[in-house]
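Beneath this line is the structure, given in structure tokens, with notes to follow.
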Amino acid sequence: MSVSAVAGVQEFGAPVTQAQWIADGNPLHCTLSHDVPFYGRAVFSKRAGGTLQFTIATHQPPRSEASAMLASIPPQWKHGAVRKDLGEVPVRAAPIPIRLGEAEARRLLAELYAGMFPTLSYTDWADGRDNVNVSLSAVKFRHALGQFVECNEKLLSHDFDAVKHSLVNFEFDQIVLKAEARKRLDQVAAWVVADPSVEIVVVEGHTDSKGTRAYNKDLSRRRAEAVREFFVAQGVAPERLSARHYGESHPVASNRSDSGRAKNRRVTVQLVR
């Protein structure tokens, strides 16, 4: 398929000899993209901790909201296959007018894997005089899909919001990280290593009020340092870490009860972009 405009119909699609699908990504974000000549780009994407999405960006976005019909159309060489109507999709007045969620995106992946050409059809957004068909080519799709699936398998299981603020607690007079604390800090470290936009990891140590202020100040320092050393061991560059300690001066609960003191024996971690 290629670009054509005859009898009131505009056809957009990549010619067989030019069709490409490109997979790209890292532990935070995976994409599978396909350029539609003279029209725009179709992208399947998934972010760490997120769900599969499908978008189409166009060089000439609509001026108002509309709708389009989606169908799966067999290419000329796929004998015996029949057209499938996939329903109506909303069109937004934006540079990315088409945004579909996981269910619809998975359906499109399945159709492309089967060698079909998912096609978007609508009335020309400019003046309504032409019918427009935008086709996604299945040519060279399967190999790129394999790379996209492999990228998805390596995505982190959590997003930035899940790790930007963390708290780990300690036993009385201890600096040893509990198993649950190590698991949490593992998640944080994995994100920091993968995300260069995190400029500083702020680590702050605290204690309860048992003991002298001087002792608690040093204990909070050692707790913060224990977390800092854990991050370094997980591959976080030391220059991205800022360790601070406050002793007993910043309680989050009353020190009059065991439960309150347990909450105060803590280290907080904040990721700063």
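Quick check: is even one residue across the range 33-53 closer than 14 Å to residue 134 by Cα, aromatic (Phe, Trp, Tyr) and loosely packed, with under 14 Cβ neighbours inside 10 Å?
Yes, the range 33-53 has at least one match.
Modelled with pLDDT of 95 or more, out of contact with any helix residue (DSSP H, G or I) (no Cβ under 7 Å at 6 or more places or on another chain) and among the aromatic types (Phe, Trp, Tyr): does that describe residue 215?
Numbers: modelled with pLDDT of 95 or more: yes; out of contact with any helix residue (DSSP H, G or I) (no Cβ under 7 Å at 6 or more places or on another chain): yes; among the aromatic types (Phe, Trp, Tyr): yes.
Yes, satisfied.
I need the full set of residues from the range 71-86 which are under 23 Å from residue 45 (Cβ atoms) and in contact with a helix residue (DSSP H, G or I) (Cβ under 8 Å, 6 or more places away or on another chain), in order please.
Of the range 71-86, the ones under 23 Å from residue 45 (Cβ atoms) are 71-72, 86.
72, 86, listed by residue number.
Step by step: first the residues of the range 200-245, then only those that are among the hydroxyl-bearing types (Ser, Thr, Tyr) and surrounded by 14 or more Cβ atoms within 10 Å (Cβ to Cβ), then the one that is farthest from residue 256 (Cα to Cα). Which residue is that?
So, considering only residues that are among the hydroxyl-bearing types (Ser, Thr, Tyr) and surrounded by 14 or more Cβ atoms within 10 Å (Cβ to Cβ), the one farthest from residue 256 (Cα to Cα) is 242.
With respect to residue 243, is the statement that it is touching an Asp or Glu at 6+ places or on another chain (Cβ under 8 Å), assigned to a helix (DSSP H, G or I) and assigned by the TED database to the domain that holds residue 175 true? Even if it seems obvious, please write down each step before you answer.
Working: touching an Asp or Glu at 6+ places or on another chain (Cβ under 8 Å): yes; assigned to a helix (DSSP H, G or I): no; assigned by the TED database to the domain that holds residue 175: yes.
So residue 243 fails the test.
Here are 195, 218: which of them is within 31 Å of the chain's Cα centre (by Cα) and among the acidic types (Asp, Glu)? Step through it out loud before you land on a result.
Details: 218 fails: within 31 Å of the chain's Cα centre (by Cα).
None of the other options fit; the residue is 195.
Are there any pairs, at least 6 apart or on different chains, whose C-beta atoms fall under 6 Å, with the first in the range 27-38 and in contact (Cβ under 8 Å) with a residue 40 or more places away in the chain and over 26 Å from residue 159 (Cα atoms) and the second acidic (Asp, Glu) and crowded, with 17+ Cβ neighbours inside 10 Å, and if so, which?
none
Take the residues of the range 234-273 that are without any contact (Cβ under 8 Å) to a residue 60 or more places away in the chain and among the charged types (D, E, K, R): which is nearest to residue 219 (Cα to Cα)? Please lay out each step first, then the result.
Residues of the range 234-273 without any contact (Cβ under 8 Å) to a residue 60 or more places away in the chain: 234-260, 264.
Applying the additional criterion that residues be among the charged types (D, E, K, R) yields 239-240, 244, 248, 256, 258.
Details: 239: 23, 240: 23, 244: 12, 248: 10, 256: 20, 258: 18 Å.
Among those that are without any contact (Cβ under 8 Å) to a residue 60 or more places away in the chain and among the charged types (D, E, K, R), it is 248.
Write out, first by first residue and then by second, each pair whose Cβ atoms fall under 6 Å of each other, whose residues are 6+ apart or on separate chains, and whose first residue, in the range 89-108, is in contact (Cβ under 8 Å) with a residue 40 or more places away in the chain while the second is aliphatic (A, V, I, L, M) and assigned to a strand (DSSP E or B).
96/57; 97/91; 98/56
List pairs: first in the range 7-26 and closer than 19 Å to residue 46 by Cα, second part of a loop (DSSP other than H, G, I, E, B) and at pLDDT below 95, Cβ under 7 Å, 6+ apart or cross-chain?
Going by the 7 Å Cβ cut-off, there are no qualifying pairs.
Being closer than 21 Å to residue 264 by Cα and aliphatic (A, V, I, L, M) is the filter; apply it to the range 225-253 and report the residue that is nearest to the chain's Cα centre (by Cα).
Restricting to residues being closer than 21 Å to residue 264 by Cα and aliphatic (A, V, I, L, M), the top hit is 227.
Considering only residues of the range 97-151 that are buried (at least 18 other Cβ atoms within 10 Å of the Cβ) and among the β-branched types (Val, Ile, Thr), which is farthest from residue 86 (Cα to Cα)?
This residue is 139.
Please note which strands (runs of 3 or more DSSP E) are completely contained in the range 96-208 and include at least 2 residues that are of a type in the set (S, T, N, Q). Break it down stepwise before answering.
Details: elements: 98-100, 117-123, 131-135, 165-169, 200-205.
Qualifying strands (runs of 3 or more DSSP E): 117-123, 131-135, 165-169.
So, of the residues in the range 41-60 that are touching a residue at least 24 places away in the same chain (Cβ under 8 Å), among the small types (Gly, Ala, Ser) and not in a loop (DSSP other than H, G, I, E, B), which turns out to be farthest from residue 97 (Cα to Cα)? Let's see the steps before the verdict.
First, the residues of the range 41-60 that are touching a residue at least 24 places away in the same chain (Cβ under 8 Å): 42, 44, 46-58, 60.
Going one step further and asking which of them are among the small types (Gly, Ala, Ser), we end up with 42, 48-50, 57.
Okay, now just the ones that are also not in a loop (DSSP other than H, G, I, E, B), so 42, 57.
Details: 42: 11, 57: 6 Å.
Applying the filter and picking the extreme gives 42.
Against the definition (out of contact with any strand residue (DSSP E or B) (no Cβ under 6 Å at 6 or more places or on another chain), on the phi < 0 side of the Ramachandran plot, of a type in the set (D, E, K, R) and not in a helix (DSSP H, G or I)), how does residue 63 come out, yes or no?
For residue 63, the condition - out of contact with any strand residue (DSSP E or B) (no Cβ under 6 Å at 6 or more places or on another chain), on the phi < 0 side of the Ramachandran plot, of a type in the set (D, E, K, R) and not in a helix (DSSP H, G or I) - is met.
The values are calculated or read from the model by the stated rules, or taken from the named source; none is laboratory data. All figures in this text were calculated on a predicted structure; none of them were measured in a lab. With ideal geometry, Cβ positions are generated from the backbone for all residues, glycine too; neighbour counts draw on all protein chains shown.
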